[in-house]
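Below is one structure, written out as structure tokens, with a few remarks after it.
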Amino acid sequence: MGAQHPEHRFSLGWDCGERSAELRETYETLSRTTAWQVLEATAARLPGKVAVVEGERRLSYADLLEESGRLADGLAGLGLVKGDVAAVYLPNSTELVTVFYALQKLGAVVAWLNPSYRQSEARFILENSGAKALFLFEEWQGFDYLSATLGLGRLADLETIVAVRHSQGFAPSDPRVRTLDWVRERAPAGYCADVRPDDLSMLIYTSGTTGRPKGAMITQSQVARAGFSYSLGVDATEDDVFIGSLPMSHSYGCGALLVQPFMLGATLAVLDAFSPQAAFALIEKEKVTLQLGAPAHYVLELAHPKRAEYDLSSLRAGLIAGQIAPGGLITRVEEEMGIYIASFLGSSEVGPGLSIILPYQTPLPVRERSIGYPLLGTRALVVDPATGEELEPGKQGELILSGWHVTQGYWRNPEETAHQIQDGWLHTGDLVTRDEDDCFSILGRLKELINRGGFKIVPSEIESLLVRHPGVAEVCVVGTANPVLGESICACVRLEEGKERLSLDEVRGYLAGELAPFKLPDELMVVPDLPRMPGGVKVNRFGPGGVVELAQQCEDKEVRSR
């Protein structure tokens, strides 16, 4: 890293106040806790409380504990033991919840597969993880997961494929394939795993937009503490009802929806795929109080013409992450939907949780500009990316982290582990600033910086202003090749419904009084929608078919004459 950093105090955001001692005690207790113990404790306290809702199906905490325990026994009967890797390739569902906790009871290591992934992505994770078992739906949203998986051929380590939901008369010819009911009915093997807080719980694979995905190794106690940490941003309790629309195979969705509600004794209302109208209907039906999502979720909800037809009055708060919230979005959500929302910072490497968050009831102006304070037990610094030297408050630099939540490393990838974690510090690649009180603001990713004629342009600065244009619904600013300047600034926009066109001159004129001339876009590309990462939430900037690729290839974009 090039520099040694002094011990940093805990941030003022958590270390000064009445809750400090309580939080320290909670984190200390959870450091000795496993994910299965989390569910056991809540089921003992609230056995009859509804834990999971999906459609008309409702599972109480006692039901969830019993179903998960019975499945764990059946899996043990198949020879799955502590330390084995099991891949979970499922959309949000009650079965995903029961499978997850069954595997946690066994001490098996979950390798998450986003259900939006297809054959090449699935093959890499299955081969890299060495998964011994795989859980999937036979079919979901028109994609035949079972046929696609069997089409991969004989993977060296994969012994069992469990079809969690399947068609009537299901009769697979491959001897590796079993149904979930068949596994549950297996006689208990008498296997009792001694699962400890420091044992591995899961592998969270990075998206792999610019290279091969990497499996961040997360322990049992990290899972427990991460799930609790989300509650700090919304003051979540057992009285809350969560809408489960984030993919639970993702770091954010896993910690916030698959762990947090069951630790608190709250209720999770499952939504397998997000759409504004489906979310509205579920919120109204189940009296949902907390919606944790991405900026895109709220952008789509605000714009939906039928929002006023639903009773959303039960919603009180939410969190947003995945990308930087467009300027003014948090204010609009509060004013138009009556919901308190705030940003936080997480990643696969601190999954399934976060590192920086704002305490509940933070004033609106702070929430518009900041992502919060480091969690207790976290050290967070802003350093010069080139030298590793710590920067003073107000300076832009890379965020590096050290603490209990940082991954143990990347599965079967010591080279990348050594590159990313140096002297105990995780190099996040996030471009941030901090103020005198250790309150952090995020500007984007280091790799997103545009080098235009030697000037380093932060895309989020332009995006936060341009999204306020009355004709712009969404914007992503990227760099494109320029033979003279190195890179040009390309603004890629999705127009508001009813807005027929937008010119580059109009964009530049709108921004001219707000930005230096060298920051004004050189190019404009209008698109019907921005490309998304698997899951449909996060904008795909750099991956195949992403914004950069489209902007480079687009012949219809408007380019300023030079």
Checklist line | Matching residues in region 206-222 - criterion: being at pLDDT 95 or above and in contact with a Gly (Cβ under 7 Å, 6 or more places away or on another chain) | finding: ALA216, MET217, ILE218
Next item on the list: With the condition kept exactly as written, say whether any residue in region 332-342 is buried (at least 20 other Cβ atoms within 10 Å of the Cβ), assigned to a helix (DSSP H, G or I) and not assigned by TED's automatic domain parsing to the domain that holds GLY471.
Entry: yes
Check: Is there a residue being surrounded by fewer than 18 Cβ atoms within 10 Å (Cβ to Cβ) and among the β-branched types (Val, Ile, Thr) anywhere in region 479-496?
Finding: yes
Next item on the list: Looking for whichever is assigned to a loop (DSSP other than H, G, I, E, B) and buried (at least 17 other Cβ atoms within 10 Å of the Cβ) here; the options are LEU550, LEU524, LEU502. Which one fits?
Entry: LEU502
Next item on the list: Could you tell me whether region 268-287 includes any residue that is surrounded by fewer than 17 Cβ atoms within 10 Å (Cβ to Cβ) and closer than 26 Å to PRO459 by Cβ?
Entry: no
Checklist line | Filter pass, GLN408 being surrounded by fewer than 18 Cβ atoms within 10 Å (Cβ to Cβ) and closer than 25 Å to GLU28 by Cβ | finding: yes
Note to self: Suppose we filter ARG184, ARG176, ARG196, ARG165 for residues that are out of contact with any Pro (no Cβ under 9 Å at 6 or more places or on another chain), on the phi < 0 side of the Ramachandran plot and modelled with pLDDT under 95; which single one remains?
What the structure shows: ARG184
Note to self: Out of LEU106, LEU78, I need the residue that is in the same structural domain as GLU159 (by TED's automatic domain parsing) and at pLDDT below 95. Which one?
What the structure shows: LEU78
Notebook entry, point to check: Out of all the residues in region 528-544, is one or more in a strand (DSSP E or B) and surrounded by fewer than 18 Cβ atoms within 10 Å (Cβ to Cβ)?
Noted result: yes
Check: Can you tell me which residue in region 249-267 is surrounded by the fewest Cβ atoms within 10 Å (Cβ to Cβ), limited to those that are outside any helix (DSSP H, G or I) and touching a residue at least 60 places away in the same chain (Cβ under 8 Å)?
Finding: GLY265
Item checked: Residues of region 77-119 satisfying the condition of being in a strand (DSSP E or B) and within 23 Å of VAL195 (Cα to Cα) -> VAL85, ALA86, ALA87, VAL88, VAL109, VAL110, ALA111, TRP112
Next item on the list: Take region 288-324 and flag every residue that is of a type in the set (Gly, Ala, Ser), surrounded by fewer than 17 Cβ atoms within 10 Å (Cβ to Cβ) and not in a loop (DSSP other than H, G, I, E, B).
Entry: ALA303, ALA308
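Yes/no per residue for (1) within 30 Å of the chain's Cα centre (by Cα); (2) closer than 21 Å to THR206 by Cβ:
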residue	(1), (2)
ARG452	no, no
GLU463	yes, no
ILE489	yes, no
GLU496	yes, no
GLY509	no, no
PRO528	yes, no
GLY546	yes, yes
GLU549	yes, yes
Checklist line | Selection from region 440-457 of residues that are at pLDDT 90 or above, farther than 23 Å from LEU375 by Cα and among the small types (Gly, Ala, Ser) | finding: none
Margin query: Please determine whether any residue of region 336-345 is modelled with pLDDT of 95 or more, of a type in the set (Asp, Glu) and within 19 Å of the chain's Cα centre (by Cα).
Written below: no
Next item on the list: Tally the residues that are small (Gly, Ala, Ser) and within 22 Å of ALA491 (Cβ to Cβ), restricting the search to region 405-440.
Entry: 0
Next item on the list: Report whether or not GLN260 is in contact with a strand residue (DSSP E or B) (Cβ under 6 Å, 6 or more places away or on another chain), closer than 19 Å to LEU64 by Cβ and not aromatic (Phe, Trp, Tyr).
Entry: no
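The values are calculated or read from the model by the stated rules, or taken from the named source; none is laboratory data. Worth saying up front: this structure is predicted, and the values here are computed from it rather than measured. So basically every Cβ, Gly included, is an ideal-geometry build from the backbone, and we count neighbours across all protein chains shown.
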